[in-house]
Structure formats: C-alpha cells, structure tokens
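Remarks on the structure that follows.
What follows is calculated from the coordinates using simple rules that are stated; it is not laboratory data. Not measured: the values here are computed from a predicted model. Positions of Cβ are backbone-derived with ideal geometry, glycine not excepted, and every protein chain shown enters the neighbour counts.
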Amino acid sequence: MRASVDIVKVWRQFDHHPMETLTKAWHISQGAPGRQRTVQMMEEHRRQFGTSGNCFDLALWLMHEFGKNGIESYPIGHHLHTPRAHVAVIAVGERGQTYFCDLGDQWIEPILIDASCEDFTQDELDGFVAGGRIKAELPAGRNEAKFTYIRPNGKISEQTFSLEPIEMNEFIAAANTSQSLLRYPLVEMRFTEHNEVRHWEFDRWNSFVSCSEGLIRESKLEMEETGEWARRIHQRTGMHTDVIIRALNTYVAVMPGAAVENGTD
C-alpha cells in the first residue's frame, strides 16, 4: 500500500511543512487580495518567514514538485467553494497505479488507492496517519475513495473523496474562494517523538497532540493571548512569531467569535 520510492522522495520534501491557515490571514492583513499564491511566492514566503499554507497551497505546491520530477499528478477534493472545502492530490506511478496524497490532513505518507493492484487491501493499516490506523475502501461502481480513521480510544471518523480530477481552472477558482475566507486559525504539524510520528494541532484556540497514547491536551490559553499562542506555534512549526501574531490578531479582529465556529482549510 506504500508509494514507490520516487513519489515518497517528493513527498518527504514537505515533512516539515505544516498545514496552516495563518499565512492567508497574514497576507490579507498586508493589503494583499485573498487569492491563491503562486508556487514561486509560497517558496519565497517559506524562505523568508518559515510559512507554508493551507490544503490548496500544499496541493498546488506538491503537484509542482511532482511535475519537476516527471510524476503525473492531479487534484481531487470535496465541498469546493464552501467553508468545508478540502483538496488532496493523486500521484500516478510508472505503471499507472494511483496514490492518494493528503498534505492538508498531514498524512504520514501517500497510500495506494488502486483496486487493480494486487497490493491493495481494505484492511486497517498503521503508519499512514498519526495517532491511529486507516482503512481505505474503493466502493464498487463509484469513482471515489472512502477513508475510515480508527483512533486508539475506538473513536471512528470517515472521509470520502471523489476521485474525479478537478480541472485546474476550477481548482484555482476554488482556491481563491478558500484564500479569501477567514473563519478561524488552524495549524497542523506532524513530528517524530518517542519513536513514532505524532500530530500536533492548534484548532479553535486549543492545542493538542494525537499519538498512540490517545489525545494529549496542552495547557489552555485564551483567544486574546496571541503572543503566547505565537510562541507555542513557533516552537512546533518554526514559523516566524511576528507573522503568527499578525495573523492571529487578524482573526481576532475580523471574527471575534471564531473560536466556536466550524471552518475550512
């Protein structure tokens, strides 16, 4: 179920890139339009400020790197042009086999989603998502993939993706919608500790770690304590604290009630 060496090599370039909705708020706070950044701009922002981006940023960036390495790829997603929008990437191996690549949800590595391959299984698997197992299913007669996440405490959640490629014009249009929407700040980062890959998350002004032990909640900070939050986020991601503070202040200013709202990448 694991991807080929060439695909994994490109994927590993993003091991230290968080998924975060801070950069778009910081960018908007400087008077920039809420639109999808180019890969060149994302690379420059990362060099200067240690930033990364949301799921649209990461998908576009990943496809760019796949292309540089001669690997075919295309975007997929669901709920485009809504607050629930989420996108990922399909990478195509040298024999035509397809792999699901989701940097937005900080998967540990890509996973095979091609029922024609003898290696494909619908068993529950370790090593693809932090703090749990994953089960990939390809329902017969439907061009979609269903993922079931099984947590250590027995909690189960599901996500379904259409495997239909998104046309790039539509992808950019949906990305522009997402980049202009500020609802609440979100940061996710995978890291290695105690010989396992763990998942750190800052979500709705709470932070916690998902691992084999379950959910470990960090000490509570109030929404307005942006300086303290910035230090905590910087420690986890390496993003510059001044960028983080400006982004968090932007969220607090434009939507003070964001802490209790559902939002998007």
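Is there a quick way to get the dipole size of segment 112-265? I mean about its Cα centre, with the Cβ of Lys and Arg at +1 and of Asp and Glu at -1; what is the value in debye to the nearest 20?
Values: 16 positive and 26 negative charges, 110 e Å.
Charge dipole, segment 112-265, about its Cα centre: 540 debye, nearest 20.
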(message) Per residue of segment 110-125, what does 6.51 cos²θ - 1.76 cosθ + 1.60 with θ = phi - 60° give for ³J(HN,Hα)? Whole Hz please, x for Gly and Pro, Karplus curve as stated.
(response) x, 9, 5, 9, 9, 5, 6, 8, 5, 7, 5, 9, 9, 6, 6, 10
(request) Could you list the GluC sites (Glu not before Pro) in segment 90-125 that lie in coil according to DSSP, counting only those with at most 14 other Cβ atoms within 10 Å of their Cβ? (result) E94, E118
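With r defined as the distance between the Cβ atoms of R231 and E164 and R0 fixed at 45 Å, what FRET efficiency is calculated, to the nearest 0.05? Before the final figure, lay out each step's value.
Numbers: r = 43 Å, r/R0 = 0.95.
For R0 = 45 Å, the calculated efficiency reads 0.60.
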(message) Students often check this: by mean Cβ neighbours within 10 Å, which of 7-18, 178-189 ranks highest, and how do the rest follow?
(response) 178-189, 7-18
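Taking Rh as the Kirkwood radius, which is the inverse of the mean 1/r over Cα pairs, what is the Rg/Rh value for the chain? If you can, show how the numbers build up before the last one.
Numbers: Rg = 17.9 Å, Rh = 18.9 Å.
That ratio equals 0.95.
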(request) Would you calculate a helix-derived [θ] at 222 nm for the chain, using -39,500 (n - 2.57) for each DSSP H run of n ≥ 4 and dividing by the full residue count, to the nearest 500? (result) -9000 deg cm²/dmol
(message) Placing unit charges on C-beta atoms (Lys and Arg positive, Asp and Glu negative, everything else neutral), compute the dipole magnitude of the chain about its Cα centre in debye, rounded to 20.
(response) 560
(message) Applying a 10 Å radius around every beta-carbon, put 239-251, 213-225 in order of their mean neighbour count, most first.
(response) 239-251, 213-225
(request) Using the Karplus curve 6.51 cos²θ - 1.76 cosθ + 1.60 with θ = phi - 60°, work out ³J(HN,Hα) for each residue of segment 140-154 in order, rounded to whole Hz, and write x for Gly and Pro. (result) 4, x, 10, 7, 8, 10, 10, 10, 10, 9, 10, 8, x, 7, x
(message) Give me the net charge for the shell around S180: Cβ to Cβ below 9 angstrom, other residues only, Lys and Arg +1, Asp and Glu -1.
(response) +2
